[in-house]
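The values are calculated or read from the model by the stated rules, or taken from the named source; none is laboratory data. Everything quoted here is computed from the prediction, not taken from an experiment. Ideal geometry is used to build each Cβ from the backbone, glycine not excepted, and the neighbour counts take in all protein chains shown. When the accessible area is computed, the model is the full protein with side chains, heavy atoms only, and any ligands, DNA or RNA have been set aside. Shrake-Rupley method; radii C 1.70, N 1.55, O 1.52, S 1.80 Å.
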Amino acid sequence: MTGTASNGGARLGKSPLGLSRVGLGAWAIGGGGYRFGWGPQADDDSIRTMRAAVEAGVNWIDTAPVYGRGHSEEVIGRFLDGVPVADRPMVFTKCGIVWDRQDPTKSTRTLHPDSIRAECDDSLRRLRVECIDLLQFHQPDQVGTRVEDSWAALLGLVDAGKIRAAGVSNFEGDPLERCWAGGRLTSVQSQMSLIDRDVGATVVPWAAARGVGVLAYSPMASGLLTDSFDAGRVGTLPEDDWRSRDPRFQDPQLGRALRLRESLKAVAARHGTTVAAVAVAWVLAWPGVTAAIVGARRPEQVAAWAGAAALELTAEDLGDIETAVVDSGAGSGPVRPAPESGAGEVGDGHEGGGRA
């Protein structure tokens, strides 16, 4: 199943990688025990979930070393071992966040060239593959490394045959421009949902103007825009589930998000689908968005959003969703997908809870 531009649903930037419009996000399957964990997970359930996603037509999985401090990659490696090479999904992972092995609450964002190369080798070992399809910087460096040196090291891994393509995640503003200037920037991965809409006015048009692919993560807002989530669910979240501490899962933000979710039910009913699928389809409706990264921990969760790639929202749908967003007061940013002209202005990067 290794993707090429000829057999995938969408080409990722100017690379040969052909992607299904939705990919499986493996953040949650890393489990708990660290600052941004999702609580305990059953590895067998995670493997069944990956199998269900592939059977539903998903041809790529997105992960990162810091998800479970290596555990997400290890579980993916176990899954890949049980799949014939020709049928394996592509694997995208990241580098740049190195965890403290004594204190699970601490990590360092470093893009030093030596660290990039060491992290790549560690990921190859955990994933049990000889080449990573896409390796992205996870977040901007915070230890003083010049981004040009970091980017040159990442491209060196392409030249060495250890990765097929190079990209960035959670990059905006000057660091993103400098990676672009270094050449061969395949992708930028950004948080985007009906609640997190800001990149629709900045990163998305910027990338579209340059032929850079956009991977939108958390299109269901980490569960808020799903059919079953409610206020009572928050109280049952494990202590090591990052959402139990995040302001978006507390009032007043929680109430606004749930009002928006309720309003989406009418659009979902019109199409005989789920709220989750509508939320993902809205992100995919943006010109310039290549594909969306959608998380799941159980096979039935995959079934809830797998149809989003084929769901075409009408002008009536988009108008109703726009009204719902405005009336709910949830989030910020543009409220309706619209073609953008020009290069787009790229805003400054920022930190926030729940950044994958």
Which listed residue, of 187, 193, 218, is touching a residue at least 12 places away in the same chain (Cβ under 8 Å), farther than 28 Å from residue 255 by Cβ, of a type in the set (Ser, Thr, Tyr) and touching a Phe, Trp or Tyr at 6+ places or on another chain (Cβ under 9 Å): 187
Residues being within 14 Å of residue 327 (Cα to Cα) and touching a residue at least 12 places away in the same chain (Cβ under 8 Å) - total across region 252-270: 10
Residues (of a type outside the set (Gly, Ala, Ser) and open to solvent by 70 Å² or more (accessible area, probe 1.4 Å)) located in region 298-330: 298, 300, 312, 316, 323, 326, 327
Pick from region 228-251, criterion closer than 18 Å to residue 298 by Cα and touching a residue at least 60 places away in the same chain (Cβ under 8 Å), ranking: surrounded by the most Cβ atoms within 10 Å (Cβ to Cβ): 241
Criterion (in contact with a strand residue (DSSP E or B) (Cβ under 9 Å, 6 or more places away or on another chain) and of a type in the set (Asp, Glu)) met by exactly one of 149, 100, 121, 114: 100
Every pair of residues 6+ apart whose Cβ atoms lie under 8 Å, when the first sits in region 117-134 and is at negative phi while the second is modelled with pLDDT under 95 and open to solvent by less than 30 Å² (accessible area, probe 1.4 Å): 133/3
Tally of residues being without any contact (Cβ under 8 Å) to a residue 60 or more places away in the chain, of a type outside the set (Val, Ile, Thr), touching a Leu at 6+ places or on another chain (Cβ under 7 Å) and open to solvent by less than 40 Å² (accessible area, probe 1.4 Å) across region 150-166: 4
Lone unmet requirement of (1) at pLDDT below 95; (2) acidic (Asp, Glu); (3) in contact with a helix residue (DSSP H, G or I) (Cβ under 9 Å, 6 or more places away or on another chain); (4) under 21 Å from residue 67 (Cβ atoms) for residue 196: (1)
Subset tally (residues that are surrounded by 14 or more Cβ atoms within 10 Å (Cβ to Cβ) and not hydrophobic (A, V, I, L, M, F, W, C)) for region 123-132: 3
